[in-house]
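What follows is one structure encoded as C-alpha coordinates, with my remarks underneath.
The values are calculated or read from the model by the stated rules, or taken from the named source; none is laboratory data. Just so it is clear, the structure is predicted and the values come from calculations on it, not from any experiment. Don't worry about glycine lacking a Cβ; one is built from the backbone with ideal geometry, like all the others, and counts go over all protein chains shown. Ligands, DNA and RNA are stripped out before the accessible areas are found, and what is left, the full protein with its side chains, is counted by its heavy atoms. Shrake-Rupley method; radii C 1.70, N 1.55, O 1.52, S 1.80 Å.
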Amino acid sequence: MSFTDFLTGRRRHGVVLALGGGGARGLAHVGVLSVLEEAGICVRGIAGTSAGAVVGAMWLALGDAAAVRRRWEEFLASGLLPPIPDVRLTDDVTSRDNLLLQFARKFQQGATVALALGRRSLITADGFDRALAFLIPDLVIEELSMPFAAVTTDFASGRPVAVTSGSLRLAVAASSAIPGVLPPYRIDGKALVDGGVVADVPVLQAQALAPAPVLAVATGEAPDAADPRTITVPRAMLRAGLMTHEALRARILAAAELSMHPDVTAIHWSEFTRTAEAVAAGRAAAEARLPEIRRLGRRRRARRTQRV
(Lines give C-alpha, C1' and ligand atoms only; values in the text may rest on other atoms or scores of the structure.)
Protein backbone atom coordinates (compact mmCIF):
# COMPACT_ATOMS: atom_id res chain seq x y z
CA MET A 1 0.00 0.00 0.00
CA SER A 2 1.39 3.42 -0.96
CA PHE A 3 1.73 6.23 1.57
CA THR A 4 -1.01 8.12 -0.28
CA ASP A 5 -3.34 5.17 0.15
CA PHE A 6 -2.34 5.03 3.81
CA LEU A 7 -3.25 8.69 4.34
CA THR A 8 -6.45 8.77 2.32
CA GLY A 9 -7.84 5.51 3.65
CA ARG A 10 -8.61 3.98 0.24
CA ARG A 11 -8.69 0.53 1.71
CA ARG A 12 -12.07 -0.49 3.01
CA HIS A 13 -11.00 -1.08 6.59
CA GLY A 14 -8.89 0.83 9.08
CA VAL A 15 -9.12 2.68 12.38
CA VAL A 16 -10.16 6.09 13.60
CA LEU A 17 -7.79 7.57 16.18
CA ALA A 18 -8.86 9.28 19.39
CA LEU A 19 -5.76 11.06 20.66
CA GLY A 20 -6.00 12.32 24.22
CA GLY A 21 -4.57 15.32 25.99
CA GLY A 22 -1.79 15.51 28.52
CA GLY A 23 0.55 18.34 27.58
CA ALA A 24 4.08 17.07 27.00
CA ARG A 25 2.89 13.53 27.64
CA GLY A 26 0.89 13.80 24.42
CA LEU A 27 4.10 13.67 22.39
CA ALA A 28 3.75 9.91 22.88
CA HIS A 29 1.22 10.10 20.03
CA VAL A 30 4.13 10.68 17.65
CA GLY A 31 5.55 7.29 18.60
CA VAL A 32 2.17 5.61 18.17
CA LEU A 33 1.72 7.14 14.71
CA SER A 34 5.18 6.03 13.61
CA VAL A 35 4.34 2.41 14.47
CA LEU A 36 1.02 2.60 12.61
CA GLU A 37 2.84 3.95 9.55
CA GLU A 38 5.46 1.21 9.62
CA ALA A 39 2.78 -1.48 10.05
CA GLY A 40 0.65 -0.07 7.21
CA ILE A 41 -2.39 0.42 9.44
CA CYS A 42 -4.95 2.50 7.54
CA VAL A 43 -6.09 5.61 9.43
CA ARG A 44 -9.57 6.81 8.49
CA GLY A 45 -9.78 9.90 10.66
CA ILE A 46 -8.38 11.61 13.76
CA ALA A 47 -10.10 13.26 16.70
CA GLY A 48 -7.71 14.98 19.07
CA THR A 49 -7.97 16.77 22.38
CA SER A 50 -5.37 19.37 23.36
CA ALA A 51 -1.94 17.74 22.80
CA GLY A 52 -3.69 15.06 20.75
CA ALA A 53 -5.14 17.76 18.50
CA VAL A 54 -1.71 19.36 18.09
CA VAL A 55 0.02 16.11 17.13
CA GLY A 56 -2.88 14.91 14.96
CA ALA A 57 -2.99 18.20 13.06
CA MET A 58 0.77 18.24 12.58
CA TRP A 59 0.75 14.66 11.29
CA LEU A 60 -1.96 15.35 8.74
CA ALA A 61 -0.45 18.66 7.63
CA LEU A 62 3.21 17.61 7.52
CA GLY A 63 2.82 14.10 6.13
CA ASP A 64 4.35 11.61 8.57
CA ALA A 65 5.57 11.08 12.13
CA ALA A 66 9.21 11.75 11.26
CA ALA A 67 8.27 15.18 9.90
CA VAL A 68 6.28 15.91 13.08
CA ARG A 69 9.24 15.08 15.28
CA ARG A 70 11.63 17.16 13.15
CA ARG A 71 9.30 20.18 13.28
CA TRP A 72 8.89 19.80 17.04
CA GLU A 73 12.66 19.67 17.59
CA GLU A 74 13.08 22.74 15.36
CA PHE A 75 10.40 24.45 17.45
CA LEU A 76 12.25 23.71 20.70
CA ALA A 77 15.45 25.11 19.20
CA SER A 78 13.66 28.24 17.97
CA GLY A 79 12.97 29.67 21.42
CA LEU A 80 9.28 30.10 20.58
CA LEU A 81 8.05 27.82 23.38
CA PRO A 82 6.01 30.16 25.63
CA PRO A 83 7.33 30.41 29.19
CA ILE A 84 5.22 28.00 31.23
CA PRO A 85 4.78 28.72 34.94
CA ASP A 86 6.03 25.98 37.26
CA VAL A 87 2.70 24.93 38.71
CA ARG A 88 3.97 21.78 40.34
CA LEU A 89 3.36 21.66 44.05
CA THR A 90 6.48 21.80 46.19
CA ASP A 91 7.10 20.36 49.63
CA ASP A 92 5.81 22.26 52.63
CA VAL A 93 8.00 24.42 54.84
CA THR A 94 9.50 22.13 57.49
CA SER A 95 9.74 22.72 61.23
CA ARG A 96 13.47 23.34 60.81
CA ASP A 97 12.72 26.66 59.07
CA ASN A 98 12.74 29.69 61.34
CA LEU A 99 9.62 31.79 61.84
CA LEU A 100 10.86 34.68 59.68
CA LEU A 101 11.46 32.36 56.71
CA GLN A 102 8.05 30.77 57.19
CA PHE A 103 6.41 34.21 57.15
CA ALA A 104 8.33 35.26 54.02
CA ARG A 105 7.29 32.14 52.15
CA LYS A 106 3.65 32.49 53.15
CA PHE A 107 3.67 36.15 52.09
CA GLN A 108 5.20 35.27 48.71
CA GLN A 109 2.59 32.54 48.14
CA GLY A 110 -0.23 34.90 49.06
CA ALA A 111 1.04 37.64 46.76
CA THR A 112 1.33 35.20 43.88
CA VAL A 113 -2.25 34.05 44.38
CA ALA A 114 -3.51 37.64 44.61
CA LEU A 115 -1.80 38.57 41.33
CA ALA A 116 -3.11 35.45 39.61
CA LEU A 117 -6.69 36.18 40.66
CA GLY A 118 -6.60 39.47 38.76
CA ARG A 119 -5.39 37.97 35.48
CA ARG A 120 -7.36 36.27 32.67
CA SER A 121 -4.61 33.75 31.96
CA LEU A 122 -1.02 32.86 32.81
CA ILE A 123 0.09 32.77 29.14
CA THR A 124 -0.96 35.30 26.49
CA ALA A 125 -2.74 34.06 23.40
CA ASP A 126 -0.25 35.93 21.17
CA GLY A 127 2.71 33.83 22.30
CA PHE A 128 0.78 30.60 21.95
CA ASP A 129 -0.50 31.56 18.50
CA ARG A 130 3.08 32.22 17.33
CA ALA A 131 4.07 28.77 18.53
CA LEU A 132 1.21 27.11 16.63
CA ALA A 133 2.05 29.11 13.51
CA PHE A 134 5.52 27.53 13.59
CA LEU A 135 4.20 24.01 14.21
CA ILE A 136 1.13 23.86 11.95
CA PRO A 137 0.77 25.10 8.35
CA ASP A 138 -1.96 27.66 7.65
CA LEU A 139 -4.66 25.30 6.36
CA VAL A 140 -8.38 24.83 6.73
CA ILE A 141 -9.56 21.51 8.08
CA GLU A 142 -11.50 20.76 4.90
CA GLU A 143 -8.17 20.65 3.00
CA LEU A 144 -6.83 17.73 5.05
CA SER A 145 -6.57 14.26 3.58
CA MET A 146 -9.08 12.75 6.03
CA PRO A 147 -11.68 13.83 8.59
CA PHE A 148 -10.24 15.67 11.57
CA ALA A 149 -11.83 17.00 14.76
CA ALA A 150 -10.20 19.24 17.34
CA VAL A 151 -12.24 18.67 20.49
CA THR A 152 -12.93 21.65 22.75
CA THR A 153 -15.17 22.55 25.67
CA ASP A 154 -17.84 25.26 25.49
CA PHE A 155 -16.87 27.46 28.44
CA ALA A 156 -20.48 28.60 28.92
CA SER A 157 -22.31 25.25 28.81
CA GLY A 158 -19.57 22.79 29.70
CA ARG A 159 -20.40 20.64 26.66
CA PRO A 160 -17.78 19.16 24.33
CA VAL A 161 -17.60 20.81 20.90
CA ALA A 162 -15.88 19.07 17.99
CA VAL A 163 -14.43 21.62 15.56
CA THR A 164 -14.39 19.89 12.15
CA SER A 165 -14.12 22.84 9.75
CA GLY A 166 -12.42 26.19 9.38
CA SER A 167 -8.94 27.24 10.43
CA LEU A 168 -6.81 24.32 11.56
CA ARG A 169 -4.64 26.49 13.78
CA LEU A 170 -7.60 28.15 15.47
CA ALA A 171 -9.29 24.80 16.14
CA VAL A 172 -6.12 23.37 17.68
CA ALA A 173 -5.55 26.53 19.74
CA ALA A 174 -9.05 26.30 21.22
CA SER A 175 -8.61 22.59 21.95
CA SER A 176 -5.40 23.39 23.87
CA ALA A 177 -6.58 26.43 25.84
CA ILE A 178 -6.23 25.16 29.41
CA PRO A 179 -8.57 27.26 31.57
CA GLY A 180 -6.54 29.75 33.56
CA VAL A 181 -3.37 29.06 31.59
CA LEU A 182 -4.70 30.38 28.25
CA PRO A 183 -7.76 32.54 27.51
CA PRO A 184 -10.72 31.02 25.63
CA TYR A 185 -10.80 31.17 21.82
CA ARG A 186 -14.00 32.21 20.05
CA ILE A 187 -15.33 30.04 17.21
CA ASP A 188 -18.85 30.45 15.80
CA GLY A 189 -19.78 32.75 18.68
CA LYS A 190 -18.71 30.29 21.40
CA ALA A 191 -15.90 30.74 23.93
CA LEU A 192 -14.00 27.46 23.67
CA VAL A 193 -11.35 26.02 25.97
CA ASP A 194 -9.36 22.81 26.36
CA GLY A 195 -11.38 19.75 25.37
CA GLY A 196 -9.71 17.81 28.17
CA VAL A 197 -12.06 19.43 30.67
CA VAL A 198 -14.87 17.06 29.61
CA ALA A 199 -13.41 14.83 26.84
CA ASP A 200 -9.84 14.00 27.76
CA VAL A 201 -9.79 11.22 25.13
CA PRO A 202 -12.29 12.08 22.36
CA VAL A 203 -13.74 8.63 21.67
CA LEU A 204 -17.29 9.72 20.86
CA GLN A 205 -16.03 12.44 18.56
CA ALA A 206 -13.81 9.91 16.77
CA GLN A 207 -16.78 7.59 16.27
CA ALA A 208 -18.60 10.39 14.45
CA LEU A 209 -15.80 10.87 11.90
CA ALA A 210 -15.90 7.55 10.02
CA PRO A 211 -17.53 4.09 10.20
CA ALA A 212 -14.40 2.38 11.53
CA PRO A 213 -13.35 1.04 14.95
CA VAL A 214 -11.77 3.52 17.34
CA LEU A 215 -8.21 3.19 18.62
CA ALA A 216 -7.91 5.47 21.65
CA VAL A 217 -4.61 6.66 23.10
CA ALA A 218 -4.73 8.08 26.63
CA THR A 219 -1.80 10.17 27.86
CA GLY A 220 -3.45 12.18 30.62
CA GLU A 221 -2.41 12.43 34.25
CA ALA A 222 -3.66 9.98 36.87
CA PRO A 223 -3.33 9.97 40.70
CA ASP A 224 -0.03 8.52 41.87
CA ALA A 225 0.66 6.55 45.01
CA ALA A 226 0.29 8.65 48.14
CA ASP A 227 0.23 8.08 51.87
CA PRO A 228 -3.01 9.67 53.18
CA ARG A 229 -1.33 10.26 56.56
CA THR A 230 1.24 12.65 55.08
CA ILE A 231 -0.54 14.28 52.14
CA THR A 232 -0.77 18.09 52.27
CA VAL A 233 -3.88 20.21 51.75
CA PRO A 234 -3.09 21.37 48.17
CA ARG A 235 -2.00 17.89 47.14
CA ALA A 236 -5.19 16.42 48.60
CA MET A 237 -7.30 18.88 46.59
CA LEU A 238 -5.37 18.17 43.39
CA ARG A 239 -5.62 14.44 43.98
CA ALA A 240 -9.40 14.62 44.43
CA GLY A 241 -9.71 16.44 41.10
CA LEU A 242 -7.52 13.84 39.38
CA MET A 243 -9.67 11.04 40.77
CA THR A 244 -12.77 12.62 39.26
CA HIS A 245 -11.00 13.12 35.94
CA GLU A 246 -9.71 9.54 35.91
CA ALA A 247 -13.20 8.17 36.54
CA LEU A 248 -14.58 10.21 33.63
CA ARG A 249 -11.73 9.08 31.37
CA ALA A 250 -12.41 5.42 32.17
CA ARG A 251 -16.08 5.81 31.21
CA ILE A 252 -15.10 7.48 27.93
CA LEU A 253 -12.51 4.83 27.05
CA ALA A 254 -15.04 2.05 27.60
CA ALA A 255 -16.69 3.11 24.33
CA ALA A 256 -13.51 2.56 22.29
CA GLU A 257 -12.84 -0.76 20.58
CA LEU A 258 -9.21 -0.63 21.76
CA SER A 259 -7.40 1.76 24.09
CA MET A 260 -3.72 2.22 24.92
CA HIS A 261 -1.94 3.94 27.80
CA PRO A 262 1.69 4.81 26.99
CA ASP A 263 3.80 4.88 30.15
CA VAL A 264 4.41 8.62 30.46
CA THR A 265 3.66 8.99 34.15
CA ALA A 266 7.21 10.19 34.91
CA ILE A 267 6.83 13.15 32.52
CA HIS A 268 5.19 16.32 33.85
CA TRP A 269 2.72 17.95 31.48
CA SER A 270 4.97 21.02 31.17
CA GLU A 271 8.20 19.14 30.31
CA PHE A 272 8.03 19.59 26.55
CA THR A 273 11.77 19.09 26.11
CA ARG A 274 11.44 15.39 27.04
CA THR A 275 10.37 14.57 23.49
CA ALA A 276 12.51 11.46 23.07
CA GLU A 277 11.13 9.82 26.21
CA ALA A 278 7.52 10.53 25.29
CA VAL A 279 7.92 9.31 21.70
CA ALA A 280 9.67 6.15 22.89
CA ALA A 281 6.83 5.46 25.33
CA GLY A 282 4.29 5.78 22.51
CA ARG A 283 6.29 3.43 20.28
CA ALA A 284 6.58 0.85 23.04
CA ALA A 285 2.85 0.94 23.77
CA ALA A 286 1.88 0.57 20.10
CA GLU A 287 4.40 -2.18 19.41
CA ALA A 288 3.14 -4.15 22.41
CA ARG A 289 -0.43 -3.99 21.11
CA LEU A 290 0.36 -4.25 17.39
CA PRO A 291 -1.30 -7.69 16.82
CA GLU A 292 -4.51 -6.31 18.36
CA ILE A 293 -4.27 -3.14 16.30
CA ARG A 294 -3.84 -5.17 13.11
CA ARG A 295 -6.96 -7.21 13.92
CA LEU A 296 -8.83 -4.02 14.77
CA GLY A 297 -7.89 -2.51 11.43
CA ARG A 298 -9.51 -5.43 9.61
CA ARG A 299 -12.81 -5.01 11.45
CA ARG A 300 -15.75 -2.90 10.36
CA ARG A 301 -17.94 -0.84 12.63
CA ALA A 302 -21.39 0.38 11.76
CA ARG A 303 -21.72 4.15 12.10
CA ARG A 304 -23.33 5.13 15.39
CA THR A 305 -25.04 8.47 15.73
CA GLN A 306 -23.67 10.22 18.81
CA ARG A 307 -24.29 13.70 20.08
CA VAL A 308 -20.86 15.26 20.28
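With all protein chains in place and a 1.4 Å probe, the accessible surface of region 137-194 carries 54 percent carbon and sulfur. In this calculation the C-beta distance from residue 134 to residue 246 is compared with R0 = 35 Å, giving a FRET efficiency of 0.60. When the residues 157, 176 are ordered by accessible surface, computed with a 1.4 Å probe over the protein chains alone, the sequence from largest down reads 157, 176.
Converting phi to 3J(HN,Hα) with the Karplus coefficients 6.51, -1.76 and 1.60 and the offset θ = phi - 60°, region 277-289 yields 5, 5, 4, 4, 5, x, 4, 4, 5, 5, 5, 5, 9 Hz in sequence order, with x at every glycine or proline. Highest mean packing first, where packing is the average number of other Cβ atoms within 10 Å per residue, the peptides 162-168, 50-56, 249-255 line up as 50-56, 162-168, 249-255.
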